[in-house]
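S.K.: Before we start, here is the structure in question, set down as structure tokens.
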Amino acid sequence: MHRFGAVIAALTLGVPFAASAAEITRIASSFEDDDPFDLFLDVGFERTQTRAKIVREQLRDGDATNVPEVNELWYKGVDARLNLAVAFGLWKDLEFSFKLPIVFQQNETWNFVSGTTQGNSTITNSCFNADGSLYLDGVEGCVGRLFQVPQESYRGGLGNVHFGLAYAFFNQEKDDTKPTWIVGIDYEAPTAKQRDPSLDNTDPDGDRGNVGDRVHKYQLYTTFSRKMGVAEPYFKASHTIPVRGPGAYSNCDQSSAPAPGNLGAPYNCYKEPWTRQETGIKAPSQTALTFGMELVPFENAAKSQKFTLDLRLLGNYVGRSRYYNELSSALRKLLTSDDYLQVGGQVGVTARAAEAFTIRASGNFLYNTDHLLTTESIGQDLNGDGTVDTAVGSPELNPTFDWRYDLVSRRFRAIQSTTFRFDLGATFSF
């Protein structure tokens, strides 16, 4: 009864997922001689903030070799969520887990950088429509606008649920001659309501937009750790494979919108080869490596008390994709981004007051390498003549290509991009 009351208290306090080596090498095991059943309950708060400068290519004097980038925007994205997770042993060293994120806010803001204004920005003084034709107001001339600046977007709701299965081939707690080695799979199911980038979510008093991408994600991973005195070095490698799910968004869902719209060739939508699959969402694959060490400056084994310091180096490769990026909510469509790297580190602390209760906190910082945000391909060479026919009405034109910002000399790029995440969490062990 006392344990049940502690669990309820933790849920109301809202404390996150484990962020220490204990999570990486922790495994729930059941049907052991001295431990018939293991169960871990994780509750936690996580806040992630991404900030980036957005620049844009600008052709000078009609010279294709002279395409400098001009400063346009500061972007900030904030994601705050409550993470709930449970893991229990199915058999000896075989664990099943379930996770559910509750997204309180997923907000984005865009503001001009210093020196850029409504008067000189290429965003608020655009001269073209999505199909490449000139935008002329008739009264004021070329005063087209890609989107309003400053601007803020608001989203939130239940996130995608996760199911996991992990097995420890070696467990140092049972055999101190071997390291702990775990292999597992995490499946993220597309259960959250679909995020439609074409919707206006700029009203802070209106309904928040959804957060789901309708994409299945399969993460395969392996972890190793080896405790040596007060230090426990560890390693984790993972690869995430995305698979488009039912009802996933396609930019061609906007093909019936009135002209000029957001598509360069909407008349090609749903015609071969521009099927819904070809023009739809393409989430990025990711490959991540983690190297770390847990240090134990204090431990009282008799009372199951321990304090640890966790230090990590992080690296993640994010593949090319047509997905939600820093400009999707502003430009109201899925955008094609180049691949990029995330590199950084993490510092965390863990305090175990008793065998059944652990609390932890961590902060990590990632630098995201510069990458293009609008680089959709212009089309496909269908007749084999070696070029893509870009004439109006050509079946070779990619319908989701937008001449205003996907064309070389008009593309957007994210630079000076950083991500900071803070986690505060607790684990209850049974």
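The values are calculated or read from the model by the stated rules, or taken from the named source; none is laboratory data. This structure is a prediction, so every number in the text was calculated from the model and none was measured. Cβ coordinates were reconstructed from backbone atoms using ideal geometry, including for glycine residues, and neighbour counts include every protein chain displayed. Accessible surface areas use protein heavy atoms only, side chains included; no ligands, DNA or RNA. Shrake-Rupley method; radii C 1.70, N 1.55, O 1.52, S 1.80 Å.
S.K.: Which shape class applies to segment 256-361: rounded if a/c is under 1.5, otherwise prolate when a/b exceeds b/c and oblate if not, where a ≥ b ≥ c are the square roots of the Cα gyration tensor eigenvalues?
M.R.: Verdict is prolate for segment 256-361.
S.K.: Then there is this: Less than 23 Å apart at the alpha-carbon level, and either on another chain or at least 8 residues along: which lysines does that give for Lys193?
M.R.: Output for Lys193: Lys99, Lys217, Lys282, Lys333.
S.K.: For Tyr234, what accessible area in Å² do you get when you roll a 1.4 Å probe over the heavy atoms of the protein chains, rounding to the nearest 10?
M.R.: Looks like 10 Å² after rounding.
S.K.: I'd like to check one number: the per residue accessible area of segment 295-430, probe 1.4 Å, reported in Å² as a whole number. Let's see the in-between values first.
M.R.: Working: 5640 Å² over 136 residues.
I get 41 Å² per residue for segment 295-430.
S.K.: I'd like the accessible area for Lys227: 1.4 Å probe, protein heavy atoms, all chains in place, Å² to the nearest 10.
M.R.: 80 Å²
S.K.: Within a Cβ distance under 10 Å of Phe88, other residues only, what is the Lys/Arg minus Asp/Glu net charge?
M.R.: -2
S.K.: Enter the accessible area per residue of segment 79-218 (Å², integer; probe 1.4 Å; all protein chains in place).
M.R.: With the other protein chains kept in place, segment 79-218 gives 49 Å² per residue.
S.K.: How much of the accessible area of the chain, probe 1.4 Å, is carbon plus sulfur, in whole percent?
M.R.: Of all accessible area on the chain, carbon and sulfur atoms account for 58 percent.
S.K.: May I ask for the net charge around Phe98, where only other residues with Cβ less than 14 Å from the Cβ of Phe98 are counted and Lys, Arg are +1 while Asp, Glu are -1?
M.R.: -3
S.K.: Springs between alpha-carbon pairs under 10 angstrom, Gaussian network model over the chain: which of Leu373, Leu90, Leu382 fluctuates most?
M.R.: Greatest mean-square fluctuation among the candidates belongs to Leu382.
S.K.: Right, here's the next one. What whole-number distance in Å separates the alpha-carbon centres of segment 209-234 and segment 336-408?
M.R.: 21 Å
S.K.: Figure the gain on full extension for Ala301 and Leu158 (residue separation times 0.36 nm, minus the Cα-Cα span) and round it to one decimal in nm.
M.R.: Details: separation 143, 0.36 × 143 = 51.48 nm, distance 3.96 nm.
My answer for the length gained is 47.5 nm.
S.K.: Within straight cross-link reach of Lys178, meaning Cα distance under 29 Å, which lysines are found once same-chain residues fewer than 8 apart are removed?
M.R.: Answer for Lys178, where 29 Å is the Cα cut-off: Lys92, Lys227, Lys236, Lys303, Lys306, listed by chain and number.
S.K.: Out of every Cα-Cα pair in the chain, what percent are more than 29 Å apart?
M.R.: Result: 52 percent of Cα pairs exceed 29 Å.
S.K.: If you add up the charges near Gly156, with Lys and Arg at +1 and Asp and Glu at -1, over every other residue whose beta carbon is less than 13 angstrom from its beta carbon, what do you get? Display every interim value, and only then the final one.
M.R.: Working: positive: Arg81, Arg155, Lys193, Arg195, Arg208; negative: Asp79, Glu108, Asp207.
It works out to a net charge of +2.
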